[in-house]
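Undergrad: Sharing a structure here in structure tokens format.
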Amino acid sequence: MKKVVFFSDLKMLDKALENFNIHSFSGKNVPVKLHMGEKKNKYYSKPDFVKIVIGELKKNKVNPYLFDTTVAYSGLRHSVNGYKKLAEIHGFTFENVGCEVIIDDKGVPILIENREYEVAQHLVKSPYVFALTHVKGHVASGMGGAIKNFGMGGVTKETKIKIHHGSRPIFKKDACTYCRVCSEVCPFDAIEVSENNWIRSSDSCFGCGVCVDACTTNALSYEDTNFQYLLACSAKACVQGKNVIYLNEVKRISRSCDCDPFAGPVICPDIGYLVADDPVAVDKASLDLIHDVKANIFEKENKVNPIKQIEYGEKIGLGSSNYSLVEL
Ligand code: SF4
Ligand code: SF4
């Protein structure tokens, strides 16, 4: 059974990290994987909090640097220099947080479950990694936690696109009864069904796969496979064989992710912080604590059940959802 440490006062951070052999990170250059927020997003992990975490790592003689990857869509985070500029605007500077910011745009292909994922080169070459994850909702995976921080955030633009496109639906006209169920469940109103016609807007489709799961006649199938499965595999490509400590900040739990300029509103009261050495355990514990306060809140808000990424993660050996919670 995996240990997950829960605390609500940041003064307990040192004790939480001691549970996961932080001393073994001493003397190492360690990427701290962090989403530094899309322009106009208000909910990402803030520099004041990050500074405390970086300070704690440095107290343990770790040489940390903040780390993230460029994104596929247009905007400042599309390029290395643009992302660095936005990180600076959001307050992620050496002066504010106590370490450098490195943005990666190049990857190394890694094979997981017969598919290739291009993992950011800094992650590939670092045997020690620290994951700092803001837990929130996500339009295509229900929730974004540690699995998503790596599964989408640890890979190149090309792999990000591949994952998003992999779970878009393919339509088989002969099997369709034009029941309209797919159109009713689509969170983005991307499908229009009329008496004898089925249309999907590729501009509106986020590839969440909800329509494929809802169609009972097999008229819809994935371009490749389920989005949350691809996320879990991609996360495994990023972290397998490494020493990773995962810190989930379960606060400012917004409906949508830190990539979304309009991610609000906050849909659940603040929970606290969780630390583990297993991405599946820390995400399952985060989800369970959120559900204790607001049952099935992500599914209600985003029409996508986030549990699949946890189940798939367990199935492919990314980690275990069987955990015991230790409260400090
Ligand atoms: S749910 Fe399936 S059968 Fe019904 S309209 Fe959509 S594709 Fe056709
Ligand atoms: S994959 Fe998701 S967003 Fe795309 S059409 Fe299906 S339900 Fe809508």
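Undergrad: Would you mind finding the one in Tyr83, Tyr73, Tyr43 that is outside any helix (DSSP H, G or I) and crowded, with 18+ Cβ neighbours inside 10 Å?
TA: Just a single option satisfies the conditions, and that option is Tyr43.
Undergrad: What are the residues in segment 157-172 that are away from ligand 2 (no atom under 16 Å from the Cβ) and over 20 Å from Leu318 (Cα atoms), if any?
TA: The answer is Lys157, Glu158.
Undergrad: If you take the residues of segment 245-291 that are open to solvent by 10 Å² or more (accessible area, probe 1.4 Å) and among the aliphatic types (A, V, I, L, M), which of them is farthest from Val62 (Cα to Cα)?
TA: Looking at the filtered set, the residue picked out is Ile267.
Undergrad: Working only within segment 189-217, note down all residues that are more than 9 Å from ligand 2 (Cβ to nearest atom), open to solvent by less than 80 Å² (accessible area, probe 1.4 Å) and not aliphatic (A, V, I, L, M).
TA: Scanning segment 189-217 gives Ser194, Asn197, Trp198, Cys215, Thr217.
Undergrad: Could I ask something else about it? Going by what's in this entry, would Lys172 be described as open to solvent by 60 Å² or more (accessible area, probe 1.4 Å) and within 16 Å of ligand 1 (Cβ to nearest atom)?
TA: Judged against the criteria, Lys172 is a match.
Undergrad: Just to be sure before I move on: is Gly55 at pLDDT 95 or above and within 19 Å of the chain's Cα centre (by Cα) in the structure I sent?
TA: No: the conditions fail for Gly55.
Undergrad: Across segment 1-47, what is the number of residues that are under 23 Å from Thr93 (Cβ atoms) and without any contact (Cβ under 8 Å) to a residue 12 or more places away in the chain?
TA: Number of matching residues: 0.
Undergrad: Among the residues of segment 123-137, is there at least one that is surrounded by 23 or more Cβ atoms within 10 Å (Cβ to Cβ) and within 16 Å of ligand 2 (Cβ to nearest atom)?
TA: yes
Undergrad: Being open to solvent by less than 40 Å² (accessible area, probe 1.4 Å), out of contact with any Leu (no Cβ under 9 Å at 6 or more places or on another chain), modelled with pLDDT under 95 and within 10 Å of ligand 1 (Cβ to nearest atom): is that true of Cys186 here?
TA: yes
Undergrad: Here's another thing I want to ask about it. Could you tell me whether Gly91 is surrounded by 15 or more Cβ atoms within 10 Å (Cβ to Cβ) and at positive phi?
TA: yes
Undergrad: Here is a further query. Looking only at segment 57-70, count how many residues are in contact with a Leu (Cβ under 9 Å, 6 or more places away or on another chain), open to solvent by less than 20 Å² (accessible area, probe 1.4 Å) and more than 22 Å from Val119 (Cα to Cα).
TA: Total satisfying the criteria: 1.
Undergrad: Considering each of Ile52, Ile110 in turn, give the residue that is of a type in the set (Val, Ile, Thr) and open to solvent by 50 Å² or more (accessible area, probe 1.4 Å).
TA: Ile52
The values are calculated or read from the model by the stated rules, or taken from the named source; none is laboratory data. Note that this is a predicted model, so its numbers are computed, not measured. Note: ideal-geometry Cβ built from the backbone for every residue, glycine included; neighbour counts use all protein chains shown. Ligands, DNA and RNA are excluded from the accessible area calculation, which covers all protein heavy atoms including side chains. Shrake-Rupley method; radii C 1.70, N 1.55, O 1.52, S 1.80 Å.
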